[in-house]
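Readers should treat all values here as calculations from the given coordinates under stated rules, not as data from a laboratory. As the structure is a computational prediction, the values presented were derived from the model and not from experiment. Here the Cβ is made from the backbone with ideal geometry for all residues, glycine too, and neighbour counts use every protein chain on show.
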Amino acid sequence: MSQIIQAVFFTILGGAISSASGLFIANYRRTKDAKDDFGRFVSTKIGEVPKRDVLGFYKSSKPAIREAVHRFMHYLKTEKRASIQSLWEEYDSVTDQQLDPINEGKMGEVFRDLQKLTNPPTKFNSPHEVVRYYLDEFYKFSA
């Protein structure tokens, strides 16, 4: 009789371990797939950032980026969710002035040099760098 009890016990134990590991692996895969999808999306956007008319790119791509960020947030832990939300809010608040076409190309370089004489230096040197910075920061969440 004790052999039957042992067999039932080990069968139940094996099933429990198998179920638990299956759930863990499924959750890991789901999160990894979401990170991969988000990383591919952001990587594509990074490749699309133009040297000129960055403001047009910013305005046209912002809805898709917002959707991707909010869809991806579901898969993140609370602290990372707060970080990506904060980053999104910063990106969403980039002004047209920061992406002004006057800061693009050769004339933009001259304009920035003149600006440095009168204003403290800024974190970014061109509209391209502004958008590229945020996309690079979004990409870090997919690692």
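Observations
- Angle in degrees between helix 127-140 and the longest Cα principal axis of the chain, rounded to the nearest 10: 10
- Rounded to 10°, Cα long-axis angle of helix 2-48 versus longest principal axis of the chain: 10
- Cα centre as origin, Lys/Arg/Asp/Glu Cβ charges: the chain dipole, Debye: 380
- Annotation: peptides 74-87, 51-64, 6-19, ranked by per-residue average of other Cβ atoms within 10 Å with the highest first, follow the order 51-64, 74-87, 6-19.
- Listed options for Cα extents along the principal axes in Å are (i) 92, 26, 19; (ii) 80, 36, 27; (iii) 78, 40, 24. The value calculated from this structure is the one marked (i).
- Counting charges near SER61 (Lys, Arg +1; Asp, Glu -1) among other residues having Cβ under 11 Å from its Cβ returns a value of +2.
- Lysine pairs in segment 13-95 whose alpha-carbon atoms fall under 19 angstrom of each other, counting only those eight or more residues apart or on distinct chains, come to 9.
- Taking the charge dipole of the chain about its Cα centre, with +1 at Lys and Arg Cβ atoms and -1 at Asp and Glu Cβ atoms, the residue from ILE12, PHE141, TYR58 reaching farthest to the positive side is ILE12.
- Helical content of the chain, expressed as a calculated mean residue ellipticity at 222 nm, amounts to -27000 deg cm²/dmol (DSSP H runs of 4 or more residues, -39,500 (n - 2.57) each, divided by residue number, nearest 500).
- Cα-based helix-to-principal-axis angle, 54-73 vs the chain, degrees rounded to 10: 20
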